[in-house]
Each structure stands twice: as structure tokens, then as C-alpha cells.
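Every number in this text was worked out from the coordinates using simple rules, so none of it is lab data. None of the values given here were measured: they were computed from a predicted structure. Every residue, glycine as well, gets a Cβ built from its backbone with ideal geometry; the counts of neighbours run over all protein chains shown.
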Amino acid sequence: MVSRSLEKMMLIAVGLSTAVIIGVPVLLYAIDTMSYSTHLQDAQLAAKNIFAATERLDTGELNNHTIRVHIPTGMLMIADGSSLTISVLINGQTTSWSDSYNHQIIINPPTEAGNYDIEFTMVSNVIHITYTWIPL
């Protein structure tokens with residue numbers, strides 16, 4: 001009688017141990033994947049808004065425009081002539097978005113993650129992009 005109870009307890013212990021050994025790494029991987037996806041979506045949304053605002057000045061729709069965006073950790077912006085490249089480094093992987101415009105672009109990029117007001121102004125046929133950090 002005692003041996004059957006002990007046998008059942010051993011089976012339960014082995015089953016629980018197996019679930020923990022397999023389940024914890026799978027759970028951690030799922031959390032890491034969700035974190036990566038959220039970070040990438042934040043960067044993609046910021047890039048989309050920045051490109052859209054730049055396009056509005058480039059086409060002459062506006063002479064100045066201000067937007068508010070969240071810049072996630074690892075995001076980098078580079079202007080090279082009339083090209084604007086935005087990239088984000090997440091877990092050792094770089095994802096980049098780039099667009100070209102009819103006007104030269106001068107950018108004063110942010111130095112850290114956070115919320116920013118971004119001012120886009122057209123001065124002498126040059127698009128100036130200036131970031132102002134918004135404290136929480």
C-alpha cells in the first residue's frame with residue numbers, strides 16, 4: 001500500500017520537474033520575443049511618424065511641423081544629404097528604415113531614449129529636424 005503512494009508521488013515529482021525544466025526556458029523565450037516585438041513596434045511607429053512629417057515638408061505641404069514621439073532605446077537617426085536613415089539595435093540585431101527626399105536634411109538627433117517633441121522646419125530649402133526631450 002505504501003509503495004503505490006510512493007510510486008504516485010515519484011511520478012508526480014518527475015512530471016512536475018519535467019514541466020519546470022522544459023516550461024521555464026520556453027516561457028523566458030516567449031517573454032524575450034514579446035519584448036523584442038514591442039521594442040521593434042515602438043521604433044517602427046516612431047520612424048513612420050518621422051518619415052511622414054519629413055515628407056509633408058519635402059512636398060511643400062507645410063513649412064514647419066511638430067510631432068511628439070517616443071524614441072526607444074537603441075534608436076539612431078542619420079541624415080546624409082537628402083536621405084534619412086533610422087535604425088534600431090535590439091538584442092544585437094539592427095533593423096533600418098530609409099527614405100530619400102528632394103531637399104537636404106539637417107538633423108539634431110536625440111542622444112537617449114525617451115519622449116520627444118520633434119520640430120521640422122524648412123529654412124532656405126533645407127529641412128531641419130530638431131528634437132526636444134520631454135521630461136516625465
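Considering only I12, I107, I50, the mean-square fluctuation computed in a Gaussian network model of the chain, springs between alpha carbons under 10 angstrom, is largest for I12.
Stretching A13 away from R68 to a fully extended chain increases their span by 14.4 nm, per 0.36 nm per residue minus the current alpha-carbon distance. For region 81-97, putting each phi into the Karplus relation 6.51 cos²θ - 1.76 cosθ + 1.60 with θ = phi - 60° gives couplings of x, 9, 10, 10, 10, 10, 9, 9, 9, 10, 6, x, 10, 9, 10, 10, 10 Hz, in residue order, rounded to whole numbers and with x for Gly and Pro.
Qualifying chymotrypsin sites (Phe, Trp or Tyr not before Pro) in region 29-86, where qualification requires a DSSP coil assignment and no more than 10 other C-beta atoms within 10 Å, are lacking entirely. Post the alpha-carbon centroid distance, region 60-136 to region 22-49, in whole angstrom. Cα centroid to Cα centroid, the span is 23 Å.
Taken over the chain, the percentage of Cα pairs per 5 Å bin, counting from 0 up to the bin with the maximum distance, is 2, 9, 16, 16, 12, 8, 6, 4, 4, 4, 4, 4, 3, 3, 2, 1, 1, 0, 0.
The angle between the Cα long axis of helix 2-58 and the longest principal axis of the Cα atoms of the chain comes to about 0 degrees, rounded to the nearest 10.
Multiplying the residue separation of S5 and Y36 by 0.36 nm and subtracting their alpha-carbon distance yields 6.6 nm. Local charge sum around Y131 (other residues, Cβ-Cβ under 12 Å, Lys/Arg +1, Asp/Glu -1)? Neighbourhood net charge equals -2. In the chain, helices alone account for a calculated mean residue ellipticity at 222 nm of -16000 deg cm²/dmol, with every DSSP H run of four or more residues adding -39,500 (n - 2.57).
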